[in-house]
Structures are given as structure tokens and as C-alpha cells.
1. With N set to the residue count of the chain, report its C-alpha Rg divided by 2.2 N^0.38 Å to two decimal places.
2. Can you give me the relative contact order of the range 2-167 as a percent, contacts being Cα pairs under 8 Å and 6 or more apart?
3. What is the distance in Å between the Cα centroid of the range 80-112 and that of the range 12-42?
4. From the backbone phi of the range 94-102, what are the Karplus-calculated ³J(HN,Hα) couplings (6.51 cos²θ - 1.76 cosθ + 1.60, θ = phi - 60°) in whole Hz, Gly and Pro given as x?
5. How tilted is helix 84-93 with respect to the longest principal axis of the chain? Cα atoms for both, answer in degrees (0 to 90, nearest 10).
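What follows is calculated from the coordinates using simple rules that are stated; it is not laboratory data. Since we're looking at a predicted model, the values are computed, not measured.
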Amino acid sequence: FGGIGLMSEADPIAFAVGQMIASLVATAVGYPFFTGLTMIGIRRAADQPATFNEMFNYFGMLVPLLLTGLLMMLMVYVGFFLLIIPGLYLSVAYMLALPLVAERGLTPWQALETSRKAISRHWFKVFGLLLVLSLLMLVSMIPLFIGLIWTGPLFVVSMGILYRTIFGVRPLGN
């Protein structure tokens, strides 16, 4: 890792720009991939077929997913900046916005508002579910991350069940 230190000392501005570009690329790849993973959970929760390749099906929706994710991050960061509680509320309330863009074709703002309004009715239950799942994931990481073999899919399918329960799932092809 000494090379990274030398790069940042030689030209700190170029290093910062490089890190920003790397972060943007990771974000651009992350949102469609995460959406695909979530959609696999949603499909499984609705007893619809889901394949491994579905994780990669949403790169064609890069722009709306990226806009949704960036808008969501901005709103959550502003919420955390104002006080921790609004940020926590929004981070839970917006959690189903990306699958709403993917499945329903909503605009970024429509997806954020639809997710917020739907989850707000059940916010404490959803927060409790996330807390329990997060603790399970944390504990499963202790033995060399081996437990993630079980808790990773559990988390994905739990998010699918949550989405199915709140919004329902449209049949494939619609």
C-alpha cells in the first residue's frame, strides 16, 4: 500500500480526482447490481422464477437507478446533518425506492415518495426487521464470514417479502 501513499503525496489533486472517479464508477455499478439482487429476492418471495443473471439485468436502467440512489443519498445525508433521527427515518423509508424504479418504472422522485409513504405506515416494524437482520449479519461475520452463506440470502429474501407484502409483485412480462 506504499504506492498509494506515494501517489497521494506526488499529486494530491489528481489522487483526489481519481478517487472521486473510482467512487462514481463503484456507485454506478453498485445500484444496478444491488437492484438486481433485490429483484431476485422479490421474485423468489412471489414464487416467480429468478436466475443468477437477473443480478445483471438492470444495468440498462443505469440512469434512473443512479439518479434515485444519488437523490436518496442526498436526502439521507441532509437528514443526518440536521439531526440523526430524520436521517435514520429516511434511510429506512427510502429502502424500497430502487426496486420500485426497476419493477414499476417510476421516476426517481415518485419511487422515493412511494417508498417513504408506504414504509412510514409500518416504519417501526420495518426498522425492527432491519435491526434484527443486521445483527444476524453481524454475528454471522464473526466466524470468518462463513455465516453469510445463510444470512446473505436470508436478507435478500426478507427484503423481497417486505416488498411483496407492501407493494405486491406484478407478474413477469408486465
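1. 1.15
2. With pairs under 8 Å counted, the relative contact order is 24 percent.
3. Each part reduced to its Cα centre gives a spacing of 18 Å.
4. Working through the residues one at a time gives 8, 5, 9, 5, 4, x, 5, 5, 5 Hz.
5. Rounded to the nearest ten degrees, it is 50.
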